[in-house]
Amino acid sequence: MIYSELIQLVGQYMTYQEFQRENPEVELTQNEWYSMMDGKTMRKNKAELKKIYMKQFDDDWEHRRNIAFGLIKNHEETSN
């Protein structure tokens, strides 16, 4: 794997500071790091994933609410 591709992969899940702390022997400047990342940083990746997760959660929540309301409505209709 090419070094820059590795940086692009791990950089989606860690900051430059975390990378430097774990790999002090690697001589890589912060500018080089963000240049390799091409805008796909950990913070952006985390925000995008959170948005996707929240959308899925909201969809699941709404589905479960509809079932609950349906149960109440069905109970009312069958008990009369």
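Observations on the model:
- You will find that of F57, F69, the residue that is assigned to a helix (DSSP H, G or I), over 20 Å from L6 (Cα atoms) and either of a type in the set (D, E) or within 20 Å of the chain's Cα centre (by Cα) (or both) is F57 and no other.
- So Q12, is it touching a helix residue (DSSP H, G or I) at 6+ places or on another chain (Cβ under 9 Å) and surrounded by fewer than 12 Cβ atoms within 10 Å (Cβ to Cβ): no
- L28, sole failed condition from (1) over 24 Å from the mean Cα position of the chain (by Cα); (2) on the phi > 0 side of the Ramachandran plot: (2)
- Looking only at segment 31-49, and only at residues there that are among the acidic types (D, E) and part of a helix (DSSP H, G or I), the one that is nearest to the chain's Cα centre (by Cα): E48
- Inside segment 8-30, residues that are assigned to a loop (DSSP other than H, G, I, E, B) and either under 16 Å from K46 (Cα atoms) or of a type outside the set (D, E) (or both) make up a count of 10.
Every number in this text was worked out from the coordinates using simple rules, so none of it is lab data. Note that this is a predicted model, so its numbers are computed, not measured. Neighbour counts run over all protein chains shown; Cβ positions are idealised from the backbone, glycine included.
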